[in-house]
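Read-outs: derived from the displayed coordinates by stated rules, not from any lab. In this text the structure is predicted, and so the values were computed from the model without any measurement. Note that we place each Cβ from the backbone using ideal geometry, even for glycine, and neighbour counts take in every protein chain shown.
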Amino acid sequence: MSQHIVVAECRDGQLRRVSLEAIAAARGCMKDGDRLAAVLLRAGDGEADAVAEALAQHGTDEVIVVDHPILGRYAPEVHLAALLEAARALAPEARWWLGHTAIGRDLAPRLAARLGAGQVSDALAAARGADGRIVFTRALHAGKALERRALLVDAPSVVTVRPNNFAPAVADSGATAAPIRSVPFTPPQSRIFVRDIVRRASGAVDLAEARIIVAGGRGVKSSAGFKPLAELAALLGGAVGASRGACDAGYCDYALQIGQTGKTVTPDLYIACGISGAVQHLAGMSRSRVIVAINKDPDAPIFSVADYGIVGDLFEVIPALIKELAATD
């Protein structure tokens with residue numbers, strides 16, 4: 001029997017979709033007799049009770065809650081110590097699953113080093129092979145190649161999964177909820193103190209997990225040019241992104257940057273507005289399921305990866321799309 005552990009992550013008090021995707025990824029790789037636990041780190045104020053209950057309904061066998069006020073703000077040393085406390089309460093040779101988020105990317109290598117575990121980052125797919133090993137698929141060289149990597153069957157490992165690449169686990173209201181267990185935690189003396197957190201990018205939809213993204217490039221021409229993109233994204237229930245060129249020009253915050261030096265996204269629909277399609281940008285969005293490109297230049301490289309292309313002025317095309325969508329609501 002093997003133990004799989006998913007580290008659940010919250011945003012604004014809500015369970016992140018990628019955590020449900022990690023549960024589904026783990027479930028898809030389990031063999032008969034394996035167990036799946038979810039670990040939730042919370043600030044001890046009771047706000048995460050609903051999250052723990054949701055995890056108990058999403059196919060887990062047990063939910064471990066580590067409670068302490070200091071966990072309200074992310075600090076690497078403290079959160080790592082909390083996960084190690086959970087590890088002692090579960091199994092030393094477990095397979096850990098985290099979302100490939102800012103926190104997951106930071107915690108995963110630290111956790112792997114402390115556990116002496118193998119690590120796979122940014123997994124796009126995972127499946128158990130005939131020999132019992134789990135084979136992971138991940139992108140290399142800015143998405144130009146795919147690597148398949150297998151880890152030992154029963155050795156400990158730490159895996160991060162890229163958002164929007166696994167179907168999220170679905171709650172089963174008819175099943176018996178998994179037991180929820182609290183683990184006592186005494187935080188270590190930390191050398192890092194978080195005094196304040198300033199969110200530079202706002203929006204109802206997290207860019208990394210958005211199913212629809214409307215992104216702008218230098219062709220947007222100004223920060224005001226992003227307003228119709230934001231309006232279109234809001235109508236579609238999506239998020240706004242940007243190329244590095246738009247960020248460098250000061251049209252928007254770098255928190256919106258998509259590309260090799262920004263975020264990597266895999267939405268169902270990616271609408272590229274005024275983006276030429278430099279290879280560095282394509283590295284961050286070329287695996288989108290449907291790509292729509294809007295550009296005045298018919299020879300723009302973005303059209304080579306687009307499923308649908310519109311050669312035209314985005315300041316004419318976007319308002320027309322908004323008008324059409326508003327009329328159908």
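Taking 1.002 mPa s as the viscosity and 20 °C as the temperature, the Stokes-Einstein diffusion coefficient of segment 100-247 based on its alpha-carbon Kirkwood radius rounds to 110 µm²/s.
Annotation: aspartates and glutamates with alpha-carbon distance below 16 angstrom to Lys263 (same-chain offsets under eight excluded): Asp106, Asp122, Asp206, Glu209, Asp248, Asp253. Does segment 261-315 come out rounded, prolate or oblate by the C-alpha gyration tensor, with a ≥ b ≥ c the root eigenvalues, rounded set by a/c under 1.5 and, if not, prolate when a/b is larger than b/c and oblate if not? Cα axes put segment 261-315 in the prolate bin. Neighbour counting of Cβ atoms within 10 Å sorts the residues Glu85, Glu9, fewest neighbours leading, into Glu85, Glu9. For segment 45-123, the fraction of C-alpha pairs more than 20 angstrom apart is 38%.
Among Leu80, Leu146, Leu15, the largest mean-square fluctuation in a Gaussian network model of the chain (Cα springs under 10 Å) belongs to Leu146. Tell me, how many Å apart are the Cα centres for segment 290-329 and for segment 87-111? The distance from the Cα centre of segment 290-329 to that of segment 87-111 comes to 41 Å. Straight-line cross-link partners of Lys323 among the aspartates and glutamates, defined as a Cα under 17 Å from its Cα and at least 8 positions apart when in the same chain: Glu231, Asp313.
Of all lysines in the structure, the ones whose alpha carbon falls short of 20 Å from that of Lys296, not counting any fewer than 8 places away in one chain, are Lys221, Lys227. With the convex hull drawn over the C-alpha atoms of segment 207-328, the volume per residue is 86 Å³. Taking Cα atoms only, the orientation of helix 76-89 departs from the longest principal axis of the chain by about 40 degrees.
Where a ≥ b ≥ c are the square roots of the eigenvalues of the C-alpha gyration tensor, would you call segment 33-89 rounded, which needs a/c under 1.5, or, failing that, prolate if a/b is larger than b/c, or oblate? Taking the square roots of the gyration eigenvalues as a ≥ b ≥ c, segment 33-89 is oblate.
Projected over all directions and averaged, the alpha-carbon convex hull of segment 3-183 occupies 10.1 nm².
Given a cut-off of under 8 Å on Cα pairs at least six residues apart, what relative contact order in percent is computed for segment 207-328?
24 percent
Highest GNM mean-square fluctuation among Ala175, Ala86, Ala215, for the chain modelled with Cα contacts below 10 Å: Ala175.
More than 18 Å apart: what percent of Cα pairs in segment 223-266 qualify?
27 percent
When only alpha carbons are used to place a centre, segment 137-209 and segment 215-231 end up 31 Å from one another. The share of C-alpha pairs in the chain whose separation exceeds 37 Å stands at 23 percent.
Under the convention that each Lys and Arg Cβ holds +1 and each Asp and Glu Cβ holds -1, the size of the dipole of segment 189-329 around its Cα centre is about 560 debye.
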